[in-house]
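Below is one structure, written out as structure tokens, with a few remarks after it.
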Amino acid sequence: QVQLMESGGGLVQAGGSLRLSCVASGSIFSINVMDWYRQAPGKQRKLVATITSGGSITYADSVKGRFTISRDNAKNTVYLQMNSLKPEDTGVYYCYCNAVDRRIVRLGLRDYWGQGTRVTVSS
């Protein structure tokens, strides 16, 4: 089993910064994509940022220029640096990865989600 654990959420004033971390652990053979998603209150979960194992990055338009995703492959960790936070960035942030479990390599890439970390931006 592959587990994801997020940390770094909290309450911050508009204009402030937070850094989220997500560590993947367990029976990891390889990790392809690592993403951050956000689910605002009463809304669907949406993709915020993506980083591949090769370092290719994409962002949602709403966070471009403010958020930075990065990854430490040796530590199986993905980060999300969030600057110039706005009240509309409020929500639960989920880490996602697409990985191969070394116990069931034959099944190939599978999807894994963390439990989420809450970010609240006050105006």
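The figures follow:
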item: Some residue of the stretch 113-121 being over 27 Å from residue 1 (Cβ atoms), open to solvent by 30 Å² or more (accessible area, probe 1.4 Å) and out of contact with any Pro (no Cβ under 6 Å at 6 or more places or on another chain); result: yes
item: Residues of the stretch 53-66 classified as within 21 Å of residue 15 (Cβ to Cβ), open to solvent by 70 Å² or more (accessible area, probe 1.4 Å) and of a type outside the set (D, E, K, R), total; result: 1
item: Any chance residue 69 is open to solvent by less than 50 Å² (accessible area, probe 1.4 Å) and at pLDDT below 95; result: no
item: Selection from the stretch 1-35 of residues that are closer than 13 Å to residue 112 by Cα and either open to solvent by 50 Å² or more (accessible area, probe 1.4 Å) or touching a helix residue (DSSP H, G or I) at 6+ places or on another chain (Cβ under 8 Å) (or both); result: 1, 3, 5, 23, 25, 27, 28, 31, 32
item: Identity of the residue in the stretch 72-92, farther than 21 Å from residue 4 by Cβ and polar (S, T, N, Q), that ends up surrounded by the most Cβ atoms within 10 Å (Cβ to Cβ); result: 90
item: Answer residue from the stretch 36-52, given it is hydroxyl-bearing (Ser, Thr, Tyr) and in a strand (DSSP E or B) and is most open to solvent (accessible area, probe 1.4 Å) among those; result: 37
item: Residues of the stretch 92-114 that turn out to be in contact with a Leu (Cβ under 8 Å, 6 or more places away or on another chain) and either aliphatic (A, V, I, L, M) or farther than 14 Å from residue 25 by Cα (or both), as a count; result: 3
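The values are calculated or read from the model by the stated rules, or taken from the named source; none is laboratory data. Not measured: the values here are computed from a predicted model. Heads up, the Cβs are rebuilt from the backbone with ideal geometry, glycines too, and the neighbour counts pull from every protein chain shown. All accessible areas refer to the heavy atoms of the entire protein, side chains included, with ligands and DNA or RNA removed. Shrake-Rupley method; radii C 1.70, N 1.55, O 1.52, S 1.80 Å.
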